[in-house]
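Here is the structure we will look at, set down as structure tokens.
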Amino acid sequence: MTWFRNLLTTSTIKSSIKSKTLINPYPKFIFTSLTHFSSESAAATTETKSPYTPTYSGLEPTKPGEKPRVVVLGTGWAASRLMKGINTDIYDVVCVSPRNHMVFTPLLASTCVGTLEFRSVAEPIGRIQPAISKAPGSYFFLANCKGVDADNHMIHCETVTESLDTLNPWKFKVSYDKLIIASGAEASTFGIHGVKDHAIFLREVAHAQEIRRKLLLNLMLSDVPGITEDEKRRLLHCVVIGGGPTGVEFSGELSDFILKDVHERYAHVKDYIHVTLIEANEILSSFDVRLRDYATKQLTKSGVRLVRGIVKDVQPQKIILNDGTEVPYGLLVWSTGVGPSSFVKATEFPKSPGGRIGVDEWLRVPSVQDVYSIGDCCGFLESTGKPVLPALAQVAERQGKYLAHLLNKIGKNGGGRANSAKDMELGGPFVYRHLGSMATVGRYKALVDLRQSKDAKGVSIAGFSSWFIWRSAYLTRVSYLNEILDRIL
């Protein structure tokens with residue numbers, strides 16, 4: 001962390017006071033003398049400030065002769081694909097994110113029960129874009145973006161210091177030539193009381209680790225002498241909220257775990273553990289009707305109880321449905337889709353239907369210069385006449401690939417610097433073509449729906465062959481398998 005401490009070294013503040021009122025929520029920042037970031041002397045950058053106005057360090061605007069700087073917010077599918085495709089001979093790349101790796105979300109459910117290890121679904125950003133670790137002008141900052149000053153081509157950041165009581169968060173700024181907002185979305189709770197306090201989401205490796213820890217802990221506790229029958233059933237009741245692909249896949253993985261591992265290793269409690277999947281409407285609603293029926297039969301055959309209902313309240317040991325039904329649980333996993341994050345909501349950029357950052361056909365934020373947005377945090381503005389695309393990995397990855405190509409083209413044509421690409425010809429707009437959907441339902445069974453849209457006709461497959469396609473398509477992209485293949489070949 002030495003380099004990070006150097007980054008965030010603050011300059012001296014004189015003691016004179018002129019005002020105690022903060023006019024701007026993002027006070028003026030001062031550059032300090034830093035070997036890696038500024039050639040100015042500390043004395044030249046020291047100003048008289050009120051003690052109510054903190055002084056921060058940061059990356060100053062790029063100078064003539066230096067590469068233009070692309071700043072990327074996020075390390076999800078869209079951001080990672082963009083950073084992989086960006087030409088680092090043209091640009092310096094700075095990534096700002098509270099997570100230093102990309103998560104391969106389609107296989108995250110498999111890590112909860114030990115089918116895959118956690119390291120198998122996490123790819124370090126430094127491996128996706130090596131320049132971040134090696135190039136003198138490219139960096140990764142473990143931080144959250146707190147605000148965007150589009151007029152001055154600058155973002156305001158605060159370091160992530162969660163669980164570190166001895167370390168206060170530091171604030172700094174980063175100037176950009178091009179800004180890509182790919183900060184993703186947050187799990188939707190619909191404002192239901194108790195969800196954030198008692199449920200576990202399934203979006204990060206830490207979530208999968210917590211699910212596995214709690215599942216194994218409940219199995220151990222349920223075997224302790226003196227536990228009542230009702231308490232044992234509650235501890236071993238796993239409830240999944242949401243019948244989308246994530247909820248269905250996790251339910252299928254969990255049922256496989258129960259049938260194979262629990263029945264073998266926890267024989268004393270094998271008759272108490274079961275899974276309930278609660279969905280307000282139809283499970284896998286975007287899939288073909290025939291595939292939905294197949295999934296329902298397979299999950300039921302695996303022992304998953306399907307319940308149609310809406311959660312009204314979440315309490316420490318039970319949930320309450322809208323009809324008053326009380327469902328006790330020992331493990332509660334929440335997977336009901338995503339919505340705009342608090343950061344996206346706080347930005348002053350125009351919004352698309354649904355509250356995402358609005359973009360045009362070239363994924364630009366049209367109200368400002370040199371700002372783009374990709375992934376789950378953006379959507380087409382109504383003025384484009386295009387529908388908001390679903391929050392899917394394939395959408396985000398395709399947008400990242402397109403924007404990397406577009407930025408490389410802009411950079412080669414001399415438009416990489418701030419405010420230099422205003423009238424530049426950009427070429428064809430972004431066009432998304434849906435490649436299909438896949439989901440596993442456990443017991444070596446899966447669904448593959450290759451229709452272009454929900455109402456279109458196309459190929460749909462279910463069964464073992466679909467599972468083989470699903471597993472092969474994803475496992476060939478997992479990093480550790482690629483490393484093994486590289487060594488063999």
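Things worth noting here:
- A straight line joining the Cα centroids of region 229-255 and region 86-116 runs 27 Å.
- Compactness index (Cα Rg / 2.2 N^0.38 Å), the chain: 1.08
- Average accessible surface for the chain: 49 Å² per residue, computed with a 1.4 Å probe over protein heavy atoms with every protein chain in place.
- Against the main long axis of the alpha-carbon atoms of the chain, helix 464-475 sits at an angle near 30°.
- Spin-label pair VAL388-ARG213: with each label point 7 Å from Cα along the Cα-Cβ axis, the two points sit 3.4 nm from one another.
- Dividing the radius of gyration of the alpha carbons in region 53-169 by their Kirkwood radius gives 1.02 for Rg/Rh.
- Here's the list of aspartates and glutamates a cross-link from LYS67 could span, going by alpha-carbon distance under 13 Å and ignoring same-chain residues fewer than 8 apart: ASP89, ASP92, ASP177.
- Within straight-line reach of LYS214, meaning a Cα separation under 22 Å, sit the following lysines at least 8 residues removed in sequence or on another chain: LYS196, LYS232, LYS260, LYS270, LYS318.
- Kirkwood Rh and Cα Rg combined as Rg/Rh, region 391-485: 1.15
- Against the chain, whose longest principal axis comes from its Cα atoms, helix 479-488 is set at around 90 degrees.
- Relative contact order of the chain: 15 percent, from C-alpha pairs under 8 Å at least 6 residues apart in sequence.
- Across the chain, the longest piece that holds none of the trypsin sites (Lys or Arg not before Pro) lying in DSSP loops with up to 13 other C-beta atoms within 10 Å covers 29-421.
- Against the main long axis of the alpha-carbon atoms of the chain, helix 289-301 sits at an angle near 60°.
- For region 305-343 versus region 138-195, the gap between their alpha-carbon centres in whole angstrom: 29 Å
- Carbon/sulfur fraction of accessible area - the chain, other protein chains in place, 1.4 Å, %: 52 percent
- By the helix-only formula, in which each DSSP H run with n ≥ 4 contributes -39500 (n - 2.57) and the sum is divided by residues, the chain has a 222 nm mean residue ellipticity of -7500 deg cm²/dmol.
- For LYS445, the aspartates and glutamates whose Cα comes closer than 15 Å to its Cα, not counting residues fewer than 8 places off in the same chain, are GLU249, GLU253, ASP256, ASP293.
- Stokes-Einstein, applied to the Kirkwood radius of region 196-236 over Cα pairs at a viscosity of 0.890 mPa s and 25 °C, places its translational diffusion at 216 µm² s⁻¹.
- The Cα atoms of region 236-343 define a convex hull whose projected area, averaged across directions, is 8.1 nm².
The values are calculated or read from the model by the stated rules, or taken from the named source; none is laboratory data. Bear in mind the structure is a predicted one, so any value in this text is a computation, not a measurement. With ideal geometry, Cβ positions are generated from the backbone for all residues, glycine too; neighbour counts draw on all protein chains shown. Surface areas here come from the heavy atoms of the whole protein model, side chains and all, with no ligands, DNA or RNA. Shrake-Rupley method; radii C 1.70, N 1.55, O 1.52, S 1.80 Å.
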